[in-house]
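Bear in mind these aren't lab numbers, they're just calculated from the coordinates by the rules spelled out. This is a predicted model, so every value here is computed, not measured. Every residue, glycine among them, receives a Cβ derived from its backbone with ideal geometry; neighbour counts consider all protein chains shown.
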Amino acid sequence: MYYSSSVDHYFVKLGPGNALAGPLLSDQRLNQPAVAGFFRDVRLTAIQDADSQKRPRFSRQALDLYRWAEGDLPGYAITVALGAVWVLEPTGPMYEMERETFERTVGQTPHDDDVPKIVPVHIAYSDDVGHIPTLLAQITSNRRLSSSTFKQITDDFGTQLAVDHLLFKAGLQDTYPHIAPDHRSLYDLLRCLSASELIALVGRLLEEQGLHVPAPTGGFVKNVDLFAYNDHALDRNIEGVRVAARERFRSGVVALQVRRETSSAAGELSPEVDYLLQLNGAEGDGKLGCEWIAALLRRSSRTRAWLARLLRWVPFSGCVLGDLQGEHALEFRP
């Protein structure tokens with residue numbers, strides 16, 4: 001099926017941590033690919049009788065999954081499991097299966113009172129996670145989506161654009177509908193980075209300006225994503241990031257926290273860090289934003305090339321990064 005570029009698409013989870021993706025999609029233990037929703041003891045008749053315009057007494061996701069199976073919510077369902085991304089479309093109506101039968105056939109349900117809801121699907125496209133944008137490969141780290149069974153993919157420009165790219169590459173969509181004329185800035189480009197890629201970008205920028213940046217902390221140091229060290233005899237001021245000089249065999253050091261976006265531009269500077277970088281954050285008093293990254297990218301040609309390779313899947317990346325080459329500044333040389 002070929003959907004119009006104006007339709008919505010959905011994230012689907014197949015059991016806790018996608019643990020049932022193998023039996024349902026790969027092994028096809030129900031004799032065809034399928035997705036399964038777990039909404040406790042809600043019966044199919046209650047879902048069928050619900051008014052789609054009103055909030056149901058049960059999970060809204062159950063009604064949305066039912067309507068998707070019926071064709072009332074056109075669009076693909078997407079999940080990442082078994083080292084691959086799966087693009088799914090419904091091929092039949094929802095039906096329910098008693099828990100005991102489901103557990104004998106497929107696998108364990110999350111709750112003792114579950115009545116699994118099954119939707120037969122067609123695998124419209126599948127690809128190795130190494131060949132898709134990192135933001136999409138890590139979609140299960142998106143708490144809004146990963147805490148859900150069936151959820152519309154919204155509110156995150158980068159994830160929506162990554163889905164556009166996947167469907168365009170698969171021949172299932174002929175445009176990138178989320179790229180509007182006012183969505184082609186460096187800020188929009190940086191929103192296409194995953195959290196780990198943004199941390200890596202900040203580390204590379206600081207390294208190219210002469211600091212030593214070891215591996216990210218991986219979340220094991222409270223609120224700190226990166227440490228940056230000045231091993232030289234002069235203090236450094238890198239677009240407002242001040243790092244003391246080496247003194248008595250002790251390098252100067254700052255701790256940084258890196259965030260993609262939050263609901264508030266006025267992010268709080270945690271006491272454990274010296275600087276907070278937030279893409280949509282207001283700058284000043286230890287807070288950095290998109291303009292700080294832009295300033296450093298203009299004077300960091302190696303990192304600019306790395307970023308261009310990383311985000312070459314974004315159609316407007318070449319234009320945005322090309323514009324940054326117009327201004328040159330001397331790079332730090334110890």
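Based on Cβ point charges of +1 for Lys and Arg and -1 for Asp and Glu, what charge dipole magnitude is obtained for the chain about its Cα centre, in debye rounded to the nearest 20?
Details: 35 positive and 42 negative charges, 126 e Å.
Computed charge dipole of the chain: roughly 600 debye.
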What's the exposure ranking of 165, 232, 212, going from fewest to most Cβ atoms within 10 Å?
212, 232, 165
If each K or R counts +1 and each D or E counts -1, the residues other than residue 183 whose Cβ falls under 13 Å of its Cβ total -2
Lysines near residue 13 by alpha-carbon distance under 28 Å, same-chain residues fewer than 8 away left out - which ones?
54, 117, 151, 169
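When 1/r is averaged over all different Cα pairs and the result inverted, which Kirkwood radius in Å belongs to region 186-326? All intermediate terms of the calculation are to be shown ahead of the outcome.
Details: mean 1/r = 0.0648 Å⁻¹.
Every distinct Cα pair counted, the radius reaches 15.4 Å.
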How much of the DSSP bridge set in the chain is antiparallel, in percent, rounded to the nearest 5?
80
Compare the Cα positions of 39, 68, 78 along the charge dipole of region 1-92 (+1 at Cβ of Lys, Arg; -1 at Cβ of Asp, Glu; about the Cα centre) and return the one farthest towards the positive end.
39
Out of 57, 304, 259, any idea which swings most in a Gaussian network model of the chain, alpha carbons joined below 10 Å?
57
Gain on full stretching of the segment that runs from residue 185 to residue 19 - 0.36 nm per residue minus C-alpha separation:
55.9 nm
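For region 10-169, what proportion of DSSP beta bridges, expressed in % and rounded to the nearest 5, is antiparallel? Working shown, then result.
Working: 21 of 23 bridges.
Restricted to region 10-169, the bridges split so that about 90 percent are antiparallel.
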Below 16 Å, Cα to Cα, which aspartates and glutamates can residue 222 reach? Residues fewer than 8 away in the same chain don't count.
268, 272, 274
If you take every DSSP beta bridge fully contained in region 153-289, what fraction is antiparallel? Give it as a percent rounded to 5.
65
Positive-pole candidate from 97, 211, 292, dipole of the chain, charges at beta carbon:
211
About its Cα centre, region 13-151 carries a charge dipole, from +1 on Lys and Arg Cβ atoms and -1 on Asp and Glu Cβ atoms, whose size in debye to the nearest 20 is 480
Can you quote the Å³ per residue value for the convex hull of the Cα atoms in the chain, rounded to an integer?
158
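Counting only helical runs of four or more DSSP H residues, what would the 222 nm mean residue ellipticity of the chain come to if each run contributes -39,500 (n - 2.57) and the total is spread over all its residues? List each step's numbers first, then the result.
Details: 11 runs with 90 residues, N = 334.
Taking each H run of at least 4 residues, the total per residue is -7500 deg cm²/dmol.
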Farthest towards the positive end of the dipole of the chain, among 126, 255, 173 and with Cβ unit charges of +1 on Lys and Arg and -1 on Asp and Glu, lies the Cα of 255
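Counting Lys and Arg as +1 and Asp and Glu as -1, what is the net charge of the other residues whose Cβ lies under 12 Å from the Cβ of residue 160? Each step should come with its number before you reach the end.
Details: positive: 191; negative: 8, 155, 156, 164, 188.
With Lys, Arg at +1 and Asp, Glu at -1, the neighbours total -4.
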Packing-based order for 96-107, 29-40, using average beta carbon neighbours within 10 Å, highest first:
29-40, 96-107
